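The values are calculated or read from the model by the stated rules, or taken from the named source; none is laboratory data. Please read all numbers here as calculations on a predicted model, not as lab measurements. Cβ coordinates were reconstructed from backbone atoms using ideal geometry, including for glycine residues, and neighbour counts include every protein chain displayed. In case anyone asks, the SASA skips ligands and DNA or RNA and just uses the protein heavy atoms, side chains included. Shrake-Rupley method; radii C 1.70, N 1.55, O 1.52, S 1.80 Å.
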Amino acid sequence: QQERDRAELALQKAHDELELRVKNRTAQLAKANEELKTEICERRRIEESLRQSEERLRFALSAADMVAWDWNTLTDEISHSDNAPSVIGLPPKTKINTATEFFNLIYVEDRDRVLQELRLQSTSESKHLYSTEFRLVHPDGSIRWMANQGKVSYDIAGKVIRVSGILRDITKQKQIADQIQASLVEKEVLLKEIHHRVKNNLQIISSLLSLQSGYITDQQTLEILKAGENRIASMALIHEQLYQSRDLAK
């Protein structure tokens, strides 16, 4: 009987210990499950935030006619944002896989210069920021001006391993700048024409007064004509100085 009591007591003790372990394990699993749920919610929140950030970035790039790009110089592989075809002028969903494919789109007269500027970035002593402007040829033959800005990355040996940055369409800005320059040239030509006409008219008036003075015998009248001639000469001198001024507004 005593042996049975001891066995039952040992069995009860083992059962209590097992039940306690099950409770503890259940509590641990419940805690781990809650932590996992929290982690999943946080990950979903981060993914959603990232998705929204990427959406805003795509919208900003599209609105500004800009392309985000990354070039692995070791493999020549290039990756870019989804709006690249529309900005560069390629058919929708066209993928540019290598930098060589992109360089072939550059206007032939600009291509060597762009490649040379890239070669200047081949040592770590050069600037880490890369910036240039060039023309791209669209499949329809039209030409667009692009501004390319990027950051150059080097390995420990100083060799370029990656270039990444932004490609931006600046055709409208170039056209506006050309229009402003043409307008300035036209205004300069107009000012020169006005200057010459005023100068010639003043010379004619001065010559007429001088010619008329030769027929005047009355001293008082002659002095009046001479005074007028001197005033015309003064006006011509002041006009000459004004025209030669660098700041016509003042």
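Of 95/151; 13/37; 151/174; 151/187; 172/199; 151/172, which ones are farther than 30 Å apart at the Cα?
Working: 95/151 22 Å; 13/37 36 Å; 151/174 24 Å; 151/187 41 Å; 172/199 40 Å; 151/172 25 Å.
In this structure, 13/37; 151/187; 172/199 exceed 30 Å between Cα atoms.
For the residues 230, 97, 72, a GNM of the chain with alpha-carbon springs under 10 Å puts the largest fluctuation on 230. The stretch between residue 208 and residue 14 holds 56.4 nm of extra length on full extension. This uses 0.36 nm per residue minus the Cα-Cα distance.
Here the Gaussian network model covers the chain, with springs between Cα atoms less than 10 Å apart; of 141, 89, 214, 214 fluctuates the most.
When ligands, DNA and RNA are left out and all protein chains stay put, how many square angstrom of accessible area per residue does the chain have with a 1.4 Å probe? Mind showing how you got there, number by number?
Working: 18770 Å² over 250 residues.
Per residue, the chain has an accessible area of 75 Å².
Here the accessible area of the stretch 114-250 is 57 percent carbon and sulfur, with a 1.4 angstrom probe and all protein chains present. Take the Cβ atoms of residue 198 and residue 132, set R0 to 35 Å, and the FRET efficiency comes out at 0.15.
Largest GNM mean-square fluctuation across 164, 81, 183, computed for the chain with C-alpha springs under 10 Å, falls on 183.
When only Cα pairs under 8 Å and 6 or more residues apart are kept, what is the percent relative contact order across the chain?
Working: 229 pairs, mean separation 30.9, N = 250.
Dividing the mean separation by the residue count of the chain yields 12 percent.
Taking only the Cα atoms of the stretch 144-228, the radius of gyration and Dmax are 31.9, 97 Å.
Mean residue ellipticity at 222 nm, helices only, the chain: -21500 deg cm²/dmol; runs of at least 4 DSSP H residues each add -39,500 (n - 2.57), and the sum is divided by the number of residues. Quick check: the distance between the Cα centres of the stretch 208-250 and the stretch 173-204, to the nearest angstrom? First find each Cα centre; the distance between them is then 26 Å.
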